[in-house]
Structure formats: C-alpha cells, structure tokens
Amino acid sequence: MTAPRRGEPPWAGVPVRRQGAPDPRRQGARPAPTARRATPAGRQAPAPAPRPAAGRAAPTARSGAPAARTGAPKPGQSKPGQPGRPTQGQAKQGQAKQGRPTTARLRQSPVDRQPGRGRPAPRVPRAVPPRRPPRQRRPRRPRRPADPGRRLRLALIVMLFALTVFGGRLVQLQGLDGPTTASRALAERTTTVPLTAHRGDIVDADGNVLATTVDRVNLLVDQTIVANYKRSGVLVGAQGAAVDVGRVLNVSAASLLPKLTGTNKGALLAKDLPPDVAREVLRLPIPGILPQSASRRTYPAKTTAANVLGFVSTAEDGRALGGIELARDADLKGRSGWLRYEHARDAARTRIPTGVTEEQEPQPGRTVQLTLVRDLQWRAQDLIDAQVAATGSASGDVVVLDAKTFQVLALATAPTFDPNAYGKASADDLGNRPLLDVFEPGSTAKVITMAAALQEKVVTPTTPITVPPSLHRGGRTFTDAETHGTEQLTVNGVLAQSSNIGTIEVGERVAPATLYDYMRRFGLGSKTGVGLPESAGLLVPGDTWTDSQRYTVMFGQGMSVTALQAASVFATIANNGVRLQPQLVAGERDADGVLHPEPTPAGVQVISPEVAKSMREMLENVVGKNGTAEKANVAGYRVAGKTGTAQVADRGVYRDGWYTASFIGMAPADDPALVIAVILQKPTNGHFGGEVAAPVFQELMTAALLQRKVPPTGTKPPDIPIRWR
C-alpha cells in the first residue's frame with residue numbers, strides 16, 4: 001500500500017479486491033485491510049484500493065500517469081493514474097457543497113490475464129465519482145425562555161370566547177326562546193284527558209224521564225300478568241280467571257279466555273257494565289284488571305216516543321242520530337272539559353302528584369222538556385200497534401194535539417223500534433212518519449173547501465145541493481164512493497155523507513185562487529215548524545192546476561199532506577179559526593232547574609170564530625147516526641170529526657186495493673180540548689176510515705179526556721138538517 005498523496009483521502013492507497021479477483025491470502029500474500037466503519041446512510045462509501053499482486057506494488061493514481069490497462073476508459077471514468085473527472089451532475093453537486101474540494105476515488109480496472117500464468121492480472125483501478133461532502137449544520141439559535149404572561153393571555157382569550165358562546169346560547173334559550181322551549185318541554189311531559197259532559201235528559205210534560213245518561217264501567221286487562229292469578233294460594237292463571245269472571249258476568253269462560261291471554265296491556269275485557277257488576281269483578285284478586293269510566297244513553301220507556309226521541313250512537317263518540325237527540329244536540333250535550341297533568345316518562349305515564357295540573361270542568365247539558373205526555377203517548381203507541389196488526393196495514397200514525405195551544409201531546413207511529421237497541425230495527429222504522437210521510441188526505445180535506453165557502457158566504461150549512469149520481473167536470477166524470485141516485489142534500493148533509501159530487505158543487509162557487517189561498521192559510525204546502533225534520537207536503541199553485549185538478553183538490557186528491565199538517569187543519573177549526581204553530585218542545589231546564597220556555601209565534605186567523613163554530617157543528621153530524629163514523633162517538637162527550645178514504649198513487653197511477661184510511665176529530669165539540677188524527681196506510685182488512693181508523697180514535701180520545709180531566713159535555717148538539725126535501 002502506498003501512502004496517499006496530498007489532497008487524496010487516507011484510503012486512496014489501500015488496495016481493493018474486486019469481486020471475482022483472486023484472494024491474495026490464498027496466494028501467500030498479506031490480506032488487505034478492511035473498512036474502518038460503515039458508511040452512513042445517504043453517503044457513498046469509498047471504494048477500497050485494489051490489492052497489489054504478490055511481489056508487486058499497486059499503482060497509485062497520479063495525474064498524468066499512463067493507463068495501467070489497454071483500451072480506452074469508459075465514459076465518466078478517469079484514466080488510470082489520474083484523478084477522476086466528475087460528470088456534469090456530480091460537478092453541480094460539488095459546487096453546491098460550499099466549494100469543498102472533490103477527491104476522485106479509484107476503482108480497480110478489470111484484470112488481464114498475464115501470459116504464461118494461470119491467474120488473472122489485477123485490474124487497474126478506475127476513477128470513482130467524488131463522494132458528496134457532508135453538509136455542515138447551521139448552529140441552533142438558543143431558545144428564548146417561555147413567556148408565562150403570553151400563555152395566560154391566550155388561555156384567557158379562549159375562556160372568554162367559550163363563555164361568550166355559552167352565554168349567548170343561554171340568553172337565546174332562556175331569554176329569546178325561553179317561553180317556546182319551556183312550553184315545548186312541558187307539552188312533551190303533559191297529557192290532556194277529555195272530560196265528557198253529562199248529556200242532558202229528555203223528559204215529558206210532567207217531568208218523567210224519557211231519555212237519560214247512566215254511568216257505566218268498561219273493564220280493561222293487562223294480558224301479560226293475568227297468568228300470575230292465584231286462587232287461595234294456588235296458581236290457576238288465565239284459565240281460572242276466565243272461570244271466575246265468567247261466573248260474575250254470566251258468560252262462558254271459553255269466550256273470555258282469548259281476552260285474558262296475549263300481549264296486549266290494555267285489552268277490552270267487558271264493556272258497558274253496571275257499576276255494581278263491575279265492582280264484583282274488581283273484587284276478584286286477578287292482576288291486571290282495571291276499570292274505565294263510561295256512560296250509556298238509555299230510554300226507560302223503550303218504544304214509547306222512540307221516533308220522537310231519536311237515538312244516540314253506542315260508539316264512544318256518542319253522536320246523536322235522530323229525533324230530538326239530534327235536533328237539540330247542541331243543548332243536550334253541554335260542553336266538554338279537560339284535565340291536563342304532568343306525567344313521568346314511563347310507559348304508563350304515571351301522574352306526578354306535585355306536577356302541573358290544570359282542569360276545565362265540563363258543563364252538563366240542559367234538560368229538554370217535551371210537550372208529550374208519557375202515559376198518553378204509551379196508550380197511543382199501544383193502540384196503533386194493535387190496529388196496524390189487526391187491519392194488516394203497512395203503517396199507522398197517531399197525532400194528539402192540545403186544541404187551544406197546538407202542543408203535541410202524543411205522536412206515535414207503527415211499526416216502531418226500541419232506541420236501546422236501534423241496531424235491530426229496519427231503516428224504514430227509524431224515521432218519524434207523522435212528520436215525513438206524505439199522503440193524499442182524501443175526504444178530510446173537504447173541511448177546507450166547506451170552510452172557504454162558508455167564509456166567502458157563498459153557502460150556509462143549510463144551503464140545498466142537488467147531488468146527481470155522477471158529475472162531468474174538467475174532462476172527467478166524478479162519482480161518490482157508493483152508487484146512489486139523485487140526492488137532495490144540504491151543505492151540512494154533503495159533509496156528513498162525504499159526497500165528492502156535492503163537494504165539487506160547493507167548491508166551484510169559490511174561485512180557484514181563493515180556494516188555493518185558504519189551503520195555504522190552513523198550512524198546506526208548508527212546514528209546520530214543529531222543530532223536527534219534516535216534509536212540507538205538496539200543493540201546486542192554483543194558477544197551475546189542470547182542468548181536472550181544479551176539482552180533485554176540493555175532496556183531497558192532487559195534493560199531499562203529513563199527518564201533523566192534517567191534524568193542524570182540524571185544530572185550527574177547534575181553536576175558533578186561529579192556526580198556531582204546533583209545539584213539541586215546551587222548553588229547556590238549566591242546571592239550576594229553571595225552565596226556559598220555547599217562544600211561540602203569533603197565530604193566524606184563517607176563518608172567523610163563527611164559521612169555525614158552524615164547521616164544528618156540521619162535523620158533529622159525521623159521527624151521528626146519519627154520518628160515516630158512528631164508531632168515533634165517545635160516551636158523555638160531543639165529538640166532531642171527519643173520515644177520509646183516499647186512493648194511494650204508485651208512480652202516478654192509483655193502485656187498486658191501496659187506500660189511506662183516516663179519521664180526524666175533536667172533543668168536546670162545543671169547547672174542544674183535544675184533536676186526534678188516526679191514519680192507516682194500505683189496510684187489507686177494511687179500508688174505510690170510519691171502519692178502521694174511527695175505533696182507534698174513540699179509544700184514545702176516551703183515555704185522553706180522562707187523563708186530561710176534561711169534564712163531560714153538558715149540552716146537546718144542534719139539529720142541522722141533512723136533506724132539504
């Protein structure tokens with residue numbers, strides 16, 4: 001090894017063994033020295049100097065020395081014996097190292113095999129690119145000591161910012177949004193329970209209850225814990241509970257078992273139980289059974305006045321569905337209240353005793369007092385039910401009016417229904433036929449024709465009328481119900497005999513417009529205003545009557561009325577010619593029991609009292625021995641009335657065998673107290689009003705006069721001639 005020259009690294013003269021070169025130690029030569037230490041990462045390790053062959057010294061890299069091997073050096077390599085020339089990239093790297101001198105490393109050239117020897121000759125070392133000199137680190141500046149005041153100021157700023165954010169949010173929640181947030185939170189933990197007002201009662205004229213609301217109890221059950229039921233310490237579960245509850249409710253255990261098993265925590269076990277029965281069930285130690293307050297609308301009189309009262313739905317909403325219940329629903333139902341309380345956030349919403357509690361007490365409904373008399377209503381219902389069945393009629397109606405006040409004392413129809421079980425009735429039986437069903441009145445309308453003629457003074461009760469067997473008017477030939485020859489009747493006789501021909505002869509003396517006006521004044525063609533849904537009937541204007549209708553309306557054909565309208569016509573005659581509005585509701589009683597009467601409109605003077613009296617006297621002959629309704633007589637009382645037998649039209653054509661049989665009368669005739677109308681539709685066992693309707697009138701009028709304590713008549717009816725020759 002040669003000593004390094006000036007400017008060369010210390011290891012420049014150290015021989016380096018190339019890979020594949022012969023090991024000098026195996027040839028008896030001294031081994032080459034090893035590298036001193038590992039080269040740091042990122043730096044290029046210097047190549048060791050090639051070892052000289054045995055007995056030969058390794059050539060040194062000198063500038064200007066000839067090359068030790070044949071052939072030109074590779075690009076980027078220096079000639080042997082000369083310092084290596086850096087490449088362009090290496091030169092730039094050398095310039096960036098603050099002008100440090102670069103030293104060329106020599107690499108061993110490939111060896112040439114020497115002639116005559118079996119080992120290869122050592123390669124001439126090549127120039128190696130200069131190693132990147134280490135970068136000098138700039139000396140670190142000494143750290144300044146930390147400023148505690150600066151840290152405190154920074155922490156204070158952060159704290160003030162956080163407090164500002166929290167404070168602003170607090171102001172927003174409790175100041176700006178405080179009421180809204182508080183109300184929203186309160187609403188989430190409060191429950192409002194409706195408090196249903198007690199529905200008012202419906203009573204008759206004497207205060208007897210016709211409709212009322214009674215307390216009932218519904219039983220709910222938590223099905224998940226019924227299985228824990230023990231009887232005398234023995235676990236019997238849901239099966240035993242079904243047996244015990246069924247014994248109290250008088251139902252089979254099999255029907256109750258499905259209601260007691262399952263996962264429902266609020267299943268309905270029994271509904272609408274009387275309180276005493278519910279208490280018996282609750283005395284059983286069955287876990288999970290709870291009571292729920294309920295109510296039920298009941299009608300103690302059952303079918304009595306059912307069509308007048310209407311009914312209320314049995315569903316939880318309790319909606320009124322007809323009659324007075326619906327017409328007066330706003331006054332009957334009162335005003336419901338509510339209870340609002342704060343509850344826990346559990347599944348049962350347990351009420352917090354010290355929480356917020358608000359309550360608005362419900363206001364009970366008013367009691368509606370009717371003009372009906374319960375006992376009289378029951379009697380009317382009983383009689384019409386029996387007569388409809390006896391005559392085979394499709395339906396029947398009864399109306400009882402106070403002759404002086406027009407108060408409705410009874411309003412019955414058959415068939416009817418029981419409002420306690422309205423679901424079992426047919427739809428046709430739920431309505432109020434005396435107010436809704438219309439029919440041609442027939443001969444009962446002849447009283448209007450006669451009253452108009454008397455009022456217009458074109459006839460008197462004794463005016464002679466010649467009644468031929470038939471009469472041709474308006475393109476039609478009219479006859480009476482019974483065939484007869486020419487008869488000499490008075491106006492009184494025409495009414496008593498119910499002659500259609502005689503009525504036409506009297507009515508044609510009154511102008512059509514005048515007759516129409518009287519019909520309207522008697523209330524035909526307009527609603528009575530009784531306070532319930534009703535029909536106005538049918539009455540076309542007089543100037544539109546056809547030629548034949550001009551005469552048919554005189555005896556009750558070509559127009560239609562309701563039973564209440566027909567009764568109101570006779571009540572007008574009974575009330576000395578003054579027509580009043582029929583009244584069904586007497587008034588309402590408030591919670592203090594004070595009665596507030598219904599307003600009564602002023603009456604209308606239709607005919608004079610004198611004409612009304614003449615009409616009553618003429619009508620007395622109808623129930624006499626020469627009249628058509630002897631069966632309507634009431635012992636001890638003077639009775640006035642009129643029969644009616646009208647054909648029933650079906651789609652504009654009168655059907656054979658279909659009739660409306662009626663009788664409407666008053667008593668006592670000299671000072672009427674009551675007016676009763678009896679109408680039967682399509683009877684099959686007889687069809688004349690005097691045969692099928694008059695008997696009902698007679699029985700009901702007798703009972704009504706006794707019930708109203710009307711004294712017997714002390715006078716005799718006048719003798720008005722029926723015939724003039």
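The values are calculated or read from the model by the stated rules, or taken from the named source; none is laboratory data. Fair warning: this is a prediction, and the values are worked out from it, not measured in the lab. Note that each Cβ is placed from the backbone with ideal geometry, even for glycine, and that neighbours are counted across all protein chains shown.
In the set Leu249, Leu290, only one residue is in contact (Cβ under 8 Å) with a residue 12 or more places away in the chain, hydrophobic (A, V, I, L, M, F, W, C) and loosely packed, with under 15 Cβ neighbours inside 10 Å; that residue is Leu290.
Residues that are in a strand (DSSP E or B), farther than 18 Å from Asn621 by Cα, out of contact with any Cys (no Cβ under 8 Å at 6 or more places or on another chain) and assigned by TED's automatic domain parsing to the domain that holds Ile384 do not occur anywhere in region 699-716. In region 248-266, what count of residues is obtained for those that are among the small types (Gly, Ala, Ser), under 23 Å from Ala294 (Cα atoms) and at pLDDT 90 or above? So the count comes out to 1. Evaluate the following for Thr416: is it closer than 30 Å to Arg328 by Cα and surrounded by 15 or more Cβ atoms within 10 Å (Cβ to Cβ)? So Thr416 passes the test. Scanning region 490-542 for residues that are hydroxyl-bearing (Ser, Thr, Tyr), over 30 Å from Glu325 (Cα atoms) and surrounded by fewer than 19 Cβ atoms within 10 Å (Cβ to Cβ) returns a single hit, Thr514.
Every residue, every condition in (1) buried (at least 23 other Cβ atoms within 10 Å of the Cβ); (2) assigned to a strand (DSSP E or B), yes or no:
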site	(1), (2)
Met615	yes, no
Leu619	yes, no
Thr643	yes, yes
Trp658	no, yes
Ala661	yes, yes
Ile664	yes, yes
Ala677	yes, yes
Pro683	yes, no
Val696	yes, no
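Counting just the residues of region 554-574 that are surrounded by fewer than 24 Cβ atoms within 10 Å (Cβ to Cβ) and under 43 Å from the mean Cα position of the chain (by Cα), which one comes out farthest from Ala536 (Cα to Cα)? The qualifying residue farthest from Ala536 (Cα to Cα) is Met559.
Within region 232-277, being part of a helix (DSSP H, G or I) and under 33 Å from the mean Cα position of the chain (by Cα) holds for Leu249, Ser255, Leu256, Leu257, Pro258, Lys259, Leu260, Pro275, Asp276, Val277.
Please find, within region 476-489, the residue that is farthest from Thr462 (Cα to Cα) out of those that are of a type in the set (D, E, K, R) and surrounded by 14 or more Cβ atoms within 10 Å (Cβ to Cβ). The selected residue is Asp480. When region 696-725 is filtered for residues that are under 19 Å from Lys404 (Cα atoms) and in contact with a Lys or Arg (Cβ under 7 Å, 6 or more places away or on another chain), the ones remaining, listed by number, are Leu700, Ala703, Thr713.
The criterion of at least 2 residues that are of a type in the set (D, E, K, R) and not assigned by TED's automatic domain parsing to the domain that holds Gln581 is met, among helices (runs of 4 or more DSSP H) falling completely within region 278-375, by 329-332. Reported count of residues in region 296-326, each being out of contact with any strand residue (DSSP E or B) (no Cβ under 7 Å at 6 or more places or on another chain), closer than 15 Å to Asp204 by Cα and among the polar types (S, T, N, Q), is 2. Take Thr477 and tell me if it is in the same structural domain as Ala536 (by TED's automatic domain parsing) and closer than 20 Å to Glu617 by Cα. When the stated conditions are applied, Thr477 does not pass them. Evaluate region 579-592: report whether one residue or more is crowded, with 24+ Cβ neighbours inside 10 Å and in a helix (DSSP H, G or I). Within region 579-592, not a single residue is crowded, with 24+ Cβ neighbours inside 10 Å and in a helix (DSSP H, G or I). Restricting attention to region 497-519, the residues that are β-branched (Val, Ile, Thr) and assigned to a loop (DSSP other than H, G, I, E, B) add up to 1. Against the conditions (1) over 49 Å from the mean Cα position of the chain (by Cα); (2) over 23 Å from Ala403 (Cβ atoms), Ala591 satisfies every one except (1). Of the residues that sit in region 260-287 and are under 11 Å from Thr224 (Cα atoms) and either free of Cβ contacts under 8 Å to residues at least 40 places away in the same chain or touching an Asp or Glu at 6+ places or on another chain (Cβ under 6 Å) (or both), which one is surrounded by the most Cβ atoms within 10 Å (Cβ to Cβ)? If we take residues in region 260-287 being under 11 Å from Thr224 (Cα atoms) and either free of Cβ contacts under 8 Å to residues at least 40 places away in the same chain or touching an Asp or Glu at 6+ places or on another chain (Cβ under 6 Å) (or both), then Leu260 is surrounded by the most Cβ atoms within 10 Å (Cβ to Cβ). Within region 543-553, the set of residues being surrounded by fewer than 20 Cβ atoms within 10 Å (Cβ to Cβ) and touching a residue at least 40 places away in the same chain (Cβ under 8 Å) comprises Thr546, Asp547, Ser548, Gln549, Arg550. When Arg151 is tested against (1) among the charged types (D, E, K, R); (2) at pLDDT below 90; (3) within 35 Å of the chain's Cα centre (by Cα), just one condition goes unmet, and that condition is (3).
Here the condition is being among the basic types (Lys, Arg) and closer than 27 Å to Glu691 by Cα; of Arg433, Arg473, it holds for Arg433 alone.
Looking at Val634, Val653, Val611, just one residue is within 52 Å of the chain's Cα centre (by Cα) and either over 20 Å from Leu564 (Cα atoms) or in contact (Cβ under 8 Å) with a residue 12 or more places away in the chain (or both), and that residue is Val653. No other residue among Ala211, Ala197, Ala182, Ala187 is free of Cβ contacts under 8 Å to residues at least 24 places away in the same chain and under 29 Å from the mean Cα position of the chain (by Cα) apart from Ala187. Candidates Thr192, Thr212: the one that is modelled with pLDDT of 90 or more, of a type outside the set (D, E, K, R) and part of a strand (DSSP E or B) is Thr212. Filtering region 371-400 to residues that are closer than 11 Å to Ala693 by Cα and in contact with a Ser or Thr (Cβ under 6 Å, 6 or more places away or on another chain) leaves only Asp397. Scanning region 593-613 for residues that are in a loop (DSSP other than H, G, I, E, B) and β-branched (Val, Ile, Thr) yields a total of 4. Restricting the search to region 356-405, which residues are among the charged types (D, E, K, R), touching a Lys or Arg at 6+ places or on another chain (Cβ under 9 Å) and crowded, with 21+ Cβ neighbours inside 10 Å? Of everything in region 356-405, those that are among the charged types (D, E, K, R), touching a Lys or Arg at 6+ places or on another chain (Cβ under 9 Å) and crowded, with 21+ Cβ neighbours inside 10 Å turn out to be Arg366, Asp397, Asp402.
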